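This report refers to the structure that appears directly beneath it.
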Amino acid sequence: MMINIKGIRELLAGVKGKKRDVLYPMEAESVLRAYGIDLAKSIFAGNNLKEVIRSAEEIGFPVALKLISPDILHKSDAGCVYLNLKNRQEITKAYNDVLRNAGMSNPHAYIEGFLVQEMIQYGHEVIVGLATDPTFGKIIMFGLGGIFVEILNDVAIRKIPITALDAQDMIEEIKGYKILQGVRGKEPANLELLKEILLKTSRLGLEIEEIGEMDLNPVFVNAHHALVADARIIIHN
């Protein structure tokens with residue numbers, strides 16, 4: 001698979017030139033798609049209610065609405081992410097609530113616009129991440145999403161690059177592996193697709209040295225698909 005590494009580096013240099021170290025969602029999406037990592041369908045709308053509604057109707061309800069601002073990093077905590085919006089009335093209310101909450105969180109925050117995204121309502125939630133360890137260098141992390149990573153810290157970690165066998169071991173290593181296999185009638189996750197995401201993430205972290213951290217969380221995976229619903233990429237200082 002041929003990847004335009006030069007183009008990605010130019011994108012990252014442009015971000016740094018604007019004195020940012022966190023990529024906007026549309027920038028992160030372009031990096032991930034270059035490596036063949038699939039994302040939920042999204043449209044980037046300006047700070048304009050009509051444009052947001054038009055984008056939601058183009059995607060099809062229900063949708064998620066997420067603020068795009070370099071000055072509010074933890075958007076969920078700030079009340080700037082709304083999920084499962086089912087109609088124009090709900091997205092209008094969410095739009096106004098997000099702007100109000102953003103102002104309360106940071107009155108001087110610059111609002112780039114909004115991400116309108118399809119709601120993925122199937123499969124298991126997992127997290128895939130990259131980080132830079134002061135001792136080992138670039139590492140990759142995998143685990144189940146939600147409370148499993150936040151409370152139980154049920155994750156597997158390896159130094160990159162990883163092999164297909166490493167990816168398989170990471171998936172089988174976590175305590176939640178049995179959940180991914182399907183329990184109590186829930187559809188099993190496609191482990192081959194998970195391995196592909198881990199391998200592509202490893203390659204991305206190895207080839208694009210400028211990336212210091214990356215979180216794909218959540219990644220929704222079922223028997224047929226694996227889609228990233230949210231991505232955060234941070235450039236090295």
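If we keep just the residues of segment 63-84 that are touching a Leu at 6+ places or on another chain (Cβ under 6 Å) and open to solvent by 30 Å² or more (accessible area, probe 1.4 Å), which is modelled with the lowest pLDDT?
Out of the qualifying residues, it is Lys75.
Restricting to segment 119-143, name every residue that is of a type in the set (Val, Ile, Thr) and either closer than 17 Å to Glu209 by Cβ or open to solvent by 60 Å² or more (accessible area, probe 1.4 Å) (or both).
Thr132, Thr135, Ile139, Ile140
Within segment 149-164, take every residue that is among the β-branched types (Val, Ile, Thr) and at pLDDT below 95 and give me the one that is surrounded by the fewest Cβ atoms within 10 Å (Cβ to Cβ).
So the residue we want is Ile151.
Pairs needed: first member in segment 169-187, touching a residue at least 60 places away in the same chain (Cβ under 8 Å); second member anywhere, part of a loop (DSSP other than H, G, I, E, B); C-beta distance under 6 Å; at least 6 residues apart or different chains.
Between residues of segment 169-187 that are touching a residue at least 60 places away in the same chain (Cβ under 8 Å) and residues that are part of a loop (DSSP other than H, G, I, E, B), the close pairs are Glu187/Asn222; Glu187/Ala223.
Of all residues in segment 1-12, which are open to solvent by 30 Å² or more (accessible area, probe 1.4 Å) and closer than 26 Å to His74 by Cβ?
Hit for segment 1-12 is Leu11, nothing else.
Filter segment 174-214 for residues that are of a type in the set (Asp, Glu) and assigned to a loop (DSSP other than H, G, I, E, B); which is farthest from Pro161 (Cα to Cα)?
Glu187
From (1) without any contact (Cβ under 8 Å) to a residue 40 or more places away in the chain; (2) basic (Lys, Arg); (3) within 23 Å of Ile120 (Cα to Cα), pick out the condition that doesn't hold for Lys66.
For Lys66, the exception is condition (1).
Of all residues in segment 43-58, how many are touching a strand residue (DSSP E or B) at 6+ places or on another chain (Cβ under 7 Å), surrounded by fewer than 21 Cβ atoms within 10 Å (Cβ to Cβ) and within 29 Å of Ser105 (Cα to Cα)?
5
Loosely packed, with under 15 Cβ neighbours inside 10 Å and touching a strand residue (DSSP E or B) at 6+ places or on another chain (Cβ under 9 Å), is that true of Asn87?
Against the criterion (loosely packed, with under 15 Cβ neighbours inside 10 Å and touching a strand residue (DSSP E or B) at 6+ places or on another chain (Cβ under 9 Å)), Asn87 does not qualify.
Have a look at Gly146, Gly176, Gly185 and point out the one that is over 15 Å from Ile37 (Cα atoms), of a type in the set (Gly, Ala, Ser), open to solvent by 60 Å² or more (accessible area, probe 1.4 Å) and at pLDDT below 95.
Just a single option satisfies the conditions, and that option is Gly185.
Of all residues in segment 16-35, how many are over 20 Å from Asn4 (Cβ atoms) and either in a loop (DSSP other than H, G, I, E, B) or free of Cβ contacts under 8 Å to residues at least 40 places away in the same chain (or both)?
4
Would a scan of segment 25-35 turn up a residue that is basic (Lys, Arg), open to solvent by 70 Å² or more (accessible area, probe 1.4 Å) and farther than 22 Å from Glu210 by Cα?
no
The values are calculated or read from the model by the stated rules, or taken from the named source; none is laboratory data. All figures in this text were calculated on a predicted structure; none of them were measured in a lab. Note that each Cβ is placed from the backbone with ideal geometry, even for glycine, and that neighbours are counted across all protein chains shown. Heads up: the accessible areas ignore ligands, DNA and RNA and are worked out on the full protein's heavy atoms, side chains in. Shrake-Rupley method; radii C 1.70, N 1.55, O 1.52, S 1.80 Å.
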